[in-house]
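Chemist: Starting off with a structure, shown below.
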Amino acid sequence: MLKILYASCPIMLWFITVAELCFTYLLFSRYAKTKNLIFLLSGLICVGLTYDALALALGCFMTESAVFLAISRLRYVFHGGLIPLIFLICAYALDFKGFWKTAAWIITGVLIALGIADGCIRQLGVANVAGICRYISVSAPAWAEIVNSLLTFGTVIPMMIAGIVVWVKQKTPHLFLSAFLMFAFSGLGAACLELMFYISMYGELLMALFLMLYADKKVNVAK
């Protein structure tokens, strides 16, 4: 199984990139037609996921350089700046109003600022796995590690909780599946730490798919 994963990594990174790019296009197309914010938020998250996949796929033929470092740095900045939008998706999925809606926007804004700062200050180093050259995080201040942990686990877990509530009230499992599958594939990646970045990308792909399916369902129900 590991041999298959190692061998498939380069070509599948490009497949994931193209698939996520398609989801991004579809979400922004839906936003252009409906002006519904949930499509815009989901599309922006997919921008981050697509760029993440692209930066890794470029490692198939790019090597250590100032240009590749800049490309990879932007990957961390996008992650920190766009992943917090999950909180807003949860807020809109749960139909937050008044104080709670305002609080969700404020919390998201603060996390975006911290996430971007984390992406800018984090020290990166080169790693080579399965024929892929990529820049990984090698060190960061304590506050940045806290922010990174919050963005990694502090977004997907609330999204799963919101997804359960939505599943019960709106009779659709898509939001829950979006978060759960992302979480599950990250857990599977822990079984092979060297390929964790690759295995977890399948979770990101499914996250993007089910985000789009949920947004479609949410908007159709609201009509």
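Chemist: What list of whole percents do you get for P(r) of the stretch 31-107, with Cα-Cα distances grouped in 5 Å bins up to the one holding the largest distance?
Modeler: 3, 14, 20, 17, 15, 11, 8, 7, 4, 1, 0
Chemist: Please work out the Cα center distance from the stretch 22-78 to the stretch 116-179, rounded to the nearest Å.
Modeler: Value for the Cα centre distance between the two parts: 14 Å.
Chemist: Please give the helix 142-153 orientation as an angle from the longest Cα principal axis of the chain, in degrees from 0 to 90, rounded to the nearest 10.
Modeler: The two axes meet at around 60 degrees.
Chemist: Separate question: Mind ordering 80-90, 125-135, 103-113 by average Cβ neighbours within 10 Å, highest first?
Modeler: On the way: 80-90: 23.5, 125-135: 16.7, 103-113: 15.2.
Going from most to least packed, we get 80-90, 125-135, 103-113.
Chemist: Before rounding to the nearest 500, sum -39500 (n - 2.57) across all DSSP H runs of length at least 4 in the chain and divide by the residue total; then give [θ] at 222 nm in deg cm²/dmol.
Modeler: About -26500 deg cm²/dmol.
Chemist: Hey, another quick one. At q = 0.13, 0.14, 0.20, 0.24 Å⁻¹, what is the log10 ratio I(q)/I(0) for the stretch 137-223, with the Debye formula run over Cα points and no solvent?
Modeler: -0.50, -0.56, -0.94, -1.13
Chemist: Would you mind listing how long the stretch 1-160 runs along its three principal axes, going by Cα atoms, in whole Å with the largest first?
Modeler: Extents along the principal axes: 50, 39, 32 Å.
Chemist: For residue 127 and residue 18 in one chain, what is 0.36 nm times their gap in residues minus the Cα-Cα distance, to one decimal in nm? Before the final figure, lay out each step's value.
Modeler: Details: separation 109, 0.36 × 109 = 39.24 nm, distance 2.38 nm.
Working it through step by step, the gained length comes to 36.9 nm.
Chemist: With a 1.4 Å probe and all protein chains left in place, how much of the accessible area of the stretch 1-115 comes from carbon and sulfur atoms, in whole percent?
Modeler: Details: 4450 of 5770 Å².
Exposed carbon and sulfur together represent 77 percent of the surface.
Chemist: Another one. Taking the Cα atoms of the stretch 99-167 alone, what are Rg (to one decimal) and Dmax (as a whole number) in Å?
Modeler: 15.8, 50
Chemist: Now for a separate question. Output the Kirkwood hydrodynamic radius of the stretch 131-185, Cα pairs only, in Å rounded to one decimal.
Modeler: Details: mean 1/r = 0.0765 Å⁻¹.
Final number for the Kirkwood radius of the stretch 131-185 is 13.1 Å.
Chemist: Any of 33/169; 97/217; 35/169; 33/218; 35/171 with alpha carbons more than 22 Å apart? Name them for me.
Modeler: On the way: 33/169 27 Å; 97/217 20 Å; 35/169 24 Å; 33/218 15 Å; 35/171 24 Å.
Result: 33/169; 35/169; 35/171 exceed 22 Å.
Chemist: Then there's this: Helix 66-82 against the longest principal axis of the chain: what's the angle in degrees, Cα atoms only, rounded to the nearest 10?
Modeler: 20
Chemist: Given a 1.4 angstrom probe, what's the average accessible area per residue across the chain, in square angstrom?
Modeler: Values: 10740 Å² over 223 residues.
Result: 48 Å² per residue.
Chemist: Also, quick follow-up: Quick one: length gained pulling residue 70 to residue 161 fully straight, 0.36 nm per residue minus the C-alpha distance? Could you put the intermediate results ahead of the total?
Modeler: On the way: separation 91, 0.36 × 91 = 32.76 nm, distance 3.59 nm.
That works out to 29.2 nm of additional length.
Chemist: Moving on to the next point. Can you give me the angle between helix 2-34 and the longest principal axis of the chain, using Cα atoms only, in degrees from 0 to 90, rounded to the nearest 10?
Modeler: Between helix and principal axis, roughly 30 degrees.
The values are calculated or read from the model by the stated rules, or taken from the named source; none is laboratory data. Just so we're clear, the structure is a prediction, and the values are computed from it rather than from any experiment. Note that each Cβ is placed from the backbone with ideal geometry, even for glycine, and that neighbours are counted across all protein chains shown. Just the protein is used for accessible areas: all its heavy atoms, side chains included, with ligands, DNA and RNA removed. Shrake-Rupley method; radii C 1.70, N 1.55, O 1.52, S 1.80 Å.
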